[in-house]
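*Asks:* I'd like to ask some things about the structure below.
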Amino acid sequence: MSDKNKVKDFFKLGEFGHYFTRVFQKPDPNQKSNFNLRMMQGINKISIVVFLLALIFWIVKRFI
């Protein structure tokens, strides 16, 4: 295995990482969506943003 493949495998996102990229994309117009699904995805976006802000705040407070 070459060094390039090792680095690529190290930064592979997997299913969990792909969810984060998929949440913030525009919805697919060909895919069926209902009110409950849109609300769930909206709440997920808000919780991800709040978590990242809290993580950044904690890191800044801890090290600065």
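Every number in this text was worked out from the coordinates using simple rules, so none of it is lab data. Note that the structure is predicted; figures quoted are calculated from it, not measured. Methodologically, a virtual Cβ is constructed for each residue, glycine included, from the backbone with ideal geometry; neighbour enumeration extends over all protein chains shown.
*Asks:* Along region 48-64, what does the Karplus equation 6.51 cos²θ - 1.76 cosθ + 1.60 (θ = phi - 60°) give for ³J(HN,Hα), rounded to whole Hz, x for Gly and Pro?
*Replies:* Coupling constants for region 48-64: 5, 5, 5, 4, 5, 5, 5, 5, 5, 4, 4, 5, 5, 5, 6, 9, 10 Hz.
*Asks:* Count charges around Gly42 for me, please; just the other residues with Cβ under 15 Å from its Cβ, Lys/Arg as +1, Asp/Glu as -1.
*Replies:* Result for the local shell: +4.
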